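Engineer: Quick one: the structure is below, and I'll ask about it shortly.
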Amino acid sequence: MERKWWKEGVVYQIYPRSFNDSNGDGIGDLPGIIEKLDYLKELGVDIIWLCPVYKSPNDDNGYDISDYYDIMDEFGTMEDMDKLIEGVHKRGMKLIMDLVVNHTSDEHPWFQESKSSKDNPYRDFYIWRKGKNDGPPNNWGSAFSGSAWEYDEKTGEYYLHLFSKKQPDLNWENPRVREEVYKMMRWWLDKGIDGFRMDVINMISKVKGLPDGKVYPGAKYGDGSPYYLNGPRVHDYLQEMNREVLSKYDVMTVGETPGVTPEIARKYVGYDRNELNMVFQFELMGIDCGLSKWDKKDWKLTEFKRIFNRWYEGLKEKGWNSLYMNNHDQPRMVPRFGNDKEYRVESAKLLATLLHTFPGTPYIYQGEEIGMTNVAFDSIEDYRDIETLNWYREQIEEGRTEAEVMEAIHWASRDNARTPMQWDDSPHAGFTTGTPWVKVNPNYKDINVAKARKDQDSIFHYYRRLIQLRKENPVIVYGDYRPILEDDEKLFSYLRTLNEDGEESRLLVILNFSEEEVKFKLPEGIGYSDKKILIGNYPVGLQKDLSNLTLKPYEALVYQLI
Ligand code: GLC
Ligand code: CA
């Protein structure tokens with residue numbers, strides 16, 4: 001298998017607004033990130049992914065860009081950005097940026113031009129259509145509630161926005177749009193960044209005619225996703241982007257691709273496809289969702305494992321996997337897949353063990369390394385996320401009770417991941433000396449970086465050791481994977497094997513995803529003459545016998561089999 005830095009590295013995702021505020025205005029910023037680079041180096045991560053820092057009116061916290069060549073005022077200046085790139089590189093790390101090109105801000109000059117008249121040269125940079133029967137051109141809903149179309153008085157037409165109405169979709173059919181995007185990408189790569197995380201990149205090609213979507217029971221709008229996810233020309237565009245830009249640099253790319261199966265993913269990340277290196281799949285994120293993300297349902301470990309296994313099998317030898325369990329759009333992973341009460345520390349370490357020993361590149365979301373949890377603000381007033389606020393308004397209008405709606409928000413709101421990073425136990429968790437743009441999670445006195453660094457048994461030090469382990473054991477990166485005990489509802493267990501220069505190295509991973517003690521017995525046929533424990537989340541005794549193990553609640557064990 002071809003060796004690559006982006007297969008070996010561990011990625012750390014920064015949501016700049018909530019990471020570290022250097023000047024007391026309550027908003028995280030670039031100088032704040034620079035202050036924490038040594039912290040990230042200590043953790044041991046190799047690649048930093050920076051969520052958008054471009055100029056933006058912040059309707060969707062930077063995912064609405066008004067100038068791709070400038071930095072958001074609140075975050076600092078281009079000089080700060082240059083210093084950040086330099087600081088990251090000086091420490092031997094890499095920096096990738098978010099590339100948000102399915103849409104821009106409505107305040108981007110292209111859109112300002114585009115809406116100014118029907119014959120403006122920029123008109124065709126966006127997707128404009130005439131209305132139908134006194135309404136929008138089709139029945140699609142936006143991801144942030146309401147119609148995906150906004151009427152513009154001046155020219156009497158509608159424009160498409162799959163997200164907020166301040167995020168008009170670019171028209172990728174227009175070669176001038178694509179040229180502008182490639183030019184901008186080159187500009188950043190020439191500046192020295194090491195790649196891109198591509199925002200909803202599988203939405204850039206829409207089916208011609210923009211047909212109405214199916215209206216599901218209880219829904220107000222049609223589901224347009226079959227007509228904009230993995231659209232007819234998306235692979236042409238990405239291959240063109242690769243030819244024009246990416247192939248000329250040693251960079252890494254990861255596409256955010258909702259609704260992608262392993263079969264579809266192969267088209268994006270296949271080694272022979274010249275498109276992207278990795279994609280973020282959403283199957284795991286959907287495991288506990290009913291009709292929508294707000295609708296919580298139970299999940300089973302066998303299904304959880306099936307998703308991991310299917311993605312491994314689907315991309316095996318053909319492409320590369322990304323591994324993540326939370327990010328700035330998702331609730332925190334510990335309450336979701338672990339236990340945020342009695343076993344917060346154990347289950348955070350358990351999930352981390354999976355993330356760092358499964359085949360693929362691990363992505364850590366800020367705060368995950370100290371086991372940050374969800375937040376439950378009593379009042380909608382304390383929420384900031386546009387998706388949450390729009391959904392709240394819509395649900396209340398439709399007659400659902402406040403209590404019901406808030407319960408769903410406590411579980412699924414994106415603000416769960418966006419509360420400020422908890423650095424220490426001083427006011428506002430040391431995030432800011434001012435008033436934070438969104439409140440800090442009240443549990444910061446107990447859960448914070450300063451405390452975690454002092455405690456050798458903390459989640460933080462466990463992450464540090466896992467990252468180290470990955471560097472010392474190529475089998476974790478390049479080894480084969482074989483699931484064992486696939487039908488077990490409590491244990492997730494697997495073997496990793498690598499044959500290198502005539503030598504075989506083997507890892508056995510055993511994870512107890514339950515609150516109970518569980519017996520483990522190594523299946524027949526997996527021989528070994530000796531074993532060594534590499535890491536575990538409980539103090540590990542010597543008596544552990546693989547043919548008769550008892551795992552404690554949420555216990556994780558990684559052995560080297562000799
Ligand atoms: C992606 C981003 C999300 C954003 C949306 C629109 O899903 O991760 O934060 O709101 O795209 O840009
Ligand atoms: Ca600030």
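The values are calculated or read from the model by the stated rules, or taken from the named source; none is laboratory data. What you see is a predicted model; the values in this text were computed from it and never measured. Counting neighbours? That spans all protein chains shown, and the Cβs are built from the backbone with ideal geometry, glycine included. Heavy atoms of the whole protein, side chains included, go into the accessibility calculation; ligands, DNA and RNA do not. Shrake-Rupley method; radii C 1.70, N 1.55, O 1.52, S 1.80 Å.
Engineer: May I ask you to list pairs of residues, at least six apart or on different chains, whose Cβ atoms are under 7 Å apart, with the first in segment 397-416 being more than 11 Å from VAL375 (Cα to Cα) and the second being not in a helix (DSSP H, G or I)?
Structural biologist: Qualifying pairs under 7 Å: ALA408/TRP294.
Engineer: Moving on to the next point. So is ILE386 touching a residue at least 60 places away in the same chain (Cβ under 8 Å), under 21 Å from the mean Cα position of the chain (by Cα) and over 18 Å from ARG332 (Cα atoms) or not?
Structural biologist: When the stated conditions are applied, ILE386 passes them.
Engineer: Considering every residue within segment 107-123, establish whether at least one is more than 16 Å from ligand 2 (Cβ to nearest atom), open to solvent by 10 Å² or more (accessible area, probe 1.4 Å), within 25 Å of THR253 (Cβ to Cβ) and basic (Lys, Arg).
Structural biologist: No: segment 107-123 contains no residue that is more than 16 Å from ligand 2 (Cβ to nearest atom), open to solvent by 10 Å² or more (accessible area, probe 1.4 Å), within 25 Å of THR253 (Cβ to Cβ) and basic (Lys, Arg).
Engineer: Any residue at all in segment 487-497 that's over 27 Å from ASP340 (Cα atoms), open to solvent by 30 Å² or more (accessible area, probe 1.4 Å) and not acidic (Asp, Glu)?
Structural biologist: Among the residues of segment 487-497, at least one is over 27 Å from ASP340 (Cα atoms), open to solvent by 30 Å² or more (accessible area, probe 1.4 Å) and not acidic (Asp, Glu), which makes the answer yes.
Yes/no per residue for (1) charged (D, E, K, R); (2) on the phi > 0 side of the Ramachandran plot:
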| residue | (1), (2) |
| --- | --- |
| SER105 | no, no |
| ASP119 | yes, no |
| ASP134 | yes, yes |
| ASN139 | no, no |
| GLU150 | yes, no |
| SER164 | no, no |
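Engineer: Could you run through segment 46-67 and say how many residues are away from ligand 1 (no atom under 14 Å from the Cβ) and open to solvent by 10 Å² or more (accessible area, probe 1.4 Å)?
Structural biologist: 3
Engineer: In addition: Return the residues of segment 436-460 that are part of a loop (DSSP other than H, G, I, E, B) and among the charged types (D, E, K, R); say none if nothing qualifies.
Structural biologist: LYS439, ASP446, ASP455, ASP457
Engineer: Here's another thing I want to ask about it. Give me a count of the residues in segment 443-464 that are touching a Gly at 6+ places or on another chain (Cβ under 9 Å) and in contact (Cβ under 8 Å) with a residue 40 or more places away in the chain.
Structural biologist: Looking only at that region, the number is 9.
Engineer: Now for a different question. Being over 26 Å from the mean Cα position of the chain (by Cα) and buried (at least 21 other Cβ atoms within 10 Å of the Cβ) is the filter here, so list the residues in segment 537-556 that pass it.
Structural biologist: Listed by number, the list holds a single entry, LEU551.
Engineer: Confirm whether VAL100 is away from ligand 2 (no atom under 14 Å from the Cβ) and in contact with a Leu (Cβ under 9 Å, 6 or more places away or on another chain).
Structural biologist: In short, no.
Engineer: From the list ASP21, ASP80, which residue is outside any loop (DSSP other than H, G, I, E, B) and within 15 Å of ligand 2 (Cβ to nearest atom)?
Structural biologist: Selected residue: ASP80, the only one of ASP21, ASP80 that is outside any loop (DSSP other than H, G, I, E, B) and within 15 Å of ligand 2 (Cβ to nearest atom).
Engineer: Look through THR357, THR388 and report the one residue that is among the β-branched types (Val, Ile, Thr) and within 16 Å of ligand 1 (Cβ to nearest atom).
Structural biologist: Step by step, each of THR357, THR388 is checked, and only THR388 is among the β-branched types (Val, Ile, Thr) and within 16 Å of ligand 1 (Cβ to nearest atom).
Engineer: Also, I was wondering about something else. Could you please find all residues in segment 13-41 being within 16 Å of ligand 1 (Cβ to nearest atom) and among the aromatic types (Phe, Trp, Tyr)?
Structural biologist: Selection gives TYR15, PHE19.
Engineer: Can you say whether VAL475 is among the hydrophobic types (A, V, I, L, M, F, W, C) and either within 16 Å of ligand 1 (Cβ to nearest atom) or part of a helix (DSSP H, G or I) (or both), as far as the supplied structure shows?
Structural biologist: Criteria met by VAL475.
Engineer: Right, here's the next one. Among the residues of segment 444-460, is any more than 16 Å from ligand 2 (Cβ to nearest atom), on the phi > 0 side of the Ramachandran plot, of a type outside the set (Asp, Glu) and surrounded by 14 or more Cβ atoms within 10 Å (Cβ to Cβ)?
Structural biologist: No, the conditions are met nowhere in segment 444-460.
Engineer: The conditions are (1) out of contact with any Asp or Glu (no Cβ under 6 Å at 6 or more places or on another chain); (2) farther than 14 Å from PHE196 by Cα, and SER66 fails exactly one of them. Which is it?
Structural biologist: For SER66, the exception is condition (1).
Engineer: Right, another one. Identify all residues within segment 103-124 that are of a type in the set (S, T, N, Q) and within 33 Å of the chain's Cα centre (by Cα); write none if there are none.
Structural biologist: Passing the criteria: THR104, SER105, GLN112, SER114.
Engineer: Give me the pairs: first residue in segment 247-276 and modelled with pLDDT of 95 or more, second residue part of a helix (DSSP H, G or I) and among the basic types (Lys, Arg), beta-carbon distance under 6 Å, and six or more apart or on different chains, which are they?
Structural biologist: Close Cβ pairs satisfying both conditions: PRO262/ARG310.
Per-residue answers, yes or no, for (1) aliphatic (A, V, I, L, M); (2) more than 16 Å from ligand 2 (Cβ to nearest atom); (3) assigned to a loop (DSSP other than H, G, I, E, B):
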position	(1), (2), (3)
GLU2	no, yes, yes
GLY28	no, no, yes
PRO31	no, no, no
TYR39	no, yes, no
ASP60	no, yes, yes
TYR69	no, yes, no
GLY87	no, yes, no
